1. Could you list, in sequence order, all residues of the range 30-52 that are in contact with a helix residue (DSSP H, G or I) (Cβ under 8 Å, 6 or more places away or on another chain) and either in contact (Cβ under 8 Å) with a residue 40 or more places away in the chain or assigned to a helix (DSSP H, G or I) (or both)?
2. Quick one: is residue 73 surrounded by fewer than 24 Cβ atoms within 10 Å (Cβ to Cβ) and either in contact with a strand residue (DSSP E or B) (Cβ under 8 Å, 6 or more places away or on another chain) or not in a loop (DSSP other than H, G, I, E, B) (or both)?
3. Have a look at 3, 39 and point out the one that is in contact with a strand residue (DSSP E or B) (Cβ under 8 Å, 6 or more places away or on another chain), under 22 Å from residue 166 (Cα atoms) and surrounded by 15 or more Cβ atoms within 10 Å (Cβ to Cβ).
4. Can you run down the residue pairs with Cβ atoms below 6 Å, 6 or more apart or on separate chains, where the first is in the range 58-75 and more than 11 Å from residue 29 (Cα to Cα) and the partner is within 16 Å of the ligand (Cβ to nearest atom) and assigned to a loop (DSSP other than H, G, I, E, B)?
5. Test residue 91 against the stated conditions and say whether it is away from the ligand (no atom under 14 Å from the Cβ) and either assigned to a helix (DSSP H, G or I) or in contact (Cβ under 8 Å) with a residue 12 or more places away in the chain (or both).
6. Of all residues in the range 145-177, count the ones that are within 15 Å of the ligand (Cβ to nearest atom), outside any helix (DSSP H, G or I) and either under 24 Å from residue 110 (Cβ atoms) or more than 18 Å from the chain's Cα centre (by Cα) (or both).
7. Can you name the residue in the range 9-28 that is part of a loop (DSSP other than H, G, I, E, B) and either without any contact (Cβ under 8 Å) to a residue 24 or more places away in the chain or under 17 Å from residue 168 (Cα atoms) (or both) and is also farthest from the ligand (Cβ to nearest atom) among such residues?
8. For the range 178-197, enumerate the residues that are in contact (Cβ under 8 Å) with a residue 12 or more places away in the chain and within 14 Å of the ligand (Cβ to nearest atom).
Ligand code: E4P
């Protein structure tokens, strides 16, 4: 399973990138709004900070309601850094988003269909040519459903039906989510920097380092 970072914060992206485990970045309108900066400028900055990752997801804005409007915004986004094919257009999981996904995928643009909460939605997105599908497990857990189970069912379905969309486990809230979606067959987990930090730690590791240091003295 690969790691993407789920943020529009440049500092967090830089910290994660220098560890050397980052394969991509996902953003969404809420994450960009927190940064108080022009959306397109931030996407351009992110792409410059992480030159060799496979994907930087930029979501069409909530102003784009129809497929045509989504495609117009997508065309502006993919031109932000000319020739940079890691810009991935994130589209909402609805009929308009699927139509835009089919069109953009046909043009060779990477797409990420987001806000997926059922296996059927993932199947539709895959059939619309999505490069990535993003089931939101934390938000399902929030309403007492099983987000990891959804990821494992989508992984099973994609295997059975030989669908090659990659599954991005999204809305990942804590280390246990990371372990469980990796075992459930997610291709990618997109996680906040705080969770990347958490999964690097264990109290026995810290104690062991301290003991080695003390013995060395
Ligand atoms: C993924 O692409 C989304 O940006 C994100 O994971 C949403 O997470 P949240 O439910 O914590 O807002």
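Read the figures in this text as sums done on the coordinates, not as results from a lab. From a predicted model like this one, the values you see are computed outputs, not experimental measurements. Note that each Cβ is placed from the backbone with ideal geometry, even for glycine, and that neighbours are counted across all protein chains shown.
1. Just the residues of the range 30-52 that are in contact with a helix residue (DSSP H, G or I) (Cβ under 8 Å, 6 or more places away or on another chain), to begin with: 32, 35, 39-40, 42-43, 45-46, 49-50.
Scanning the range 30-52 gives 32, 35, 39, 40, 42, 43, 45, 46, 49.
2. Values: surrounded by fewer than 24 Cβ atoms within 10 Å (Cβ to Cβ): yes; either in contact with a strand residue (DSSP E or B) (Cβ under 8 Å, 6 or more places away or on another chain) or not in a loop (DSSP other than H, G, I, E, B) (or both): yes.
The answer is yes for residue 73.
3. 3
4. Note: pairs meeting the criteria are 70/60; 73/60.
5. Working: away from the ligand (no atom under 14 Å from the Cβ): no; either assigned to a helix (DSSP H, G or I) or in contact (Cβ under 8 Å) with a residue 12 or more places away in the chain (or both): yes.
Judged against the criteria, residue 91 is not a match.
6. Number satisfying all stated conditions: 9.
7. From the range 9-28, those part of a loop (DSSP other than H, G, I, E, B) are 9, 20-21, 27-28; that's our starting set.
Those left that are additionally either without any contact (Cβ under 8 Å) to a residue 24 or more places away in the chain or under 17 Å from residue 168 (Cα atoms) (or both): 20-21, 27-28.
Details: 20: 22, 21: 18, 27: 7, 28: 4 Å.
Step by step, filter the range 9-28, then rank; the result is 20.
8. 178, 181, 186, 187, 188, 189, 190, 191, 192, 193, 195, 196
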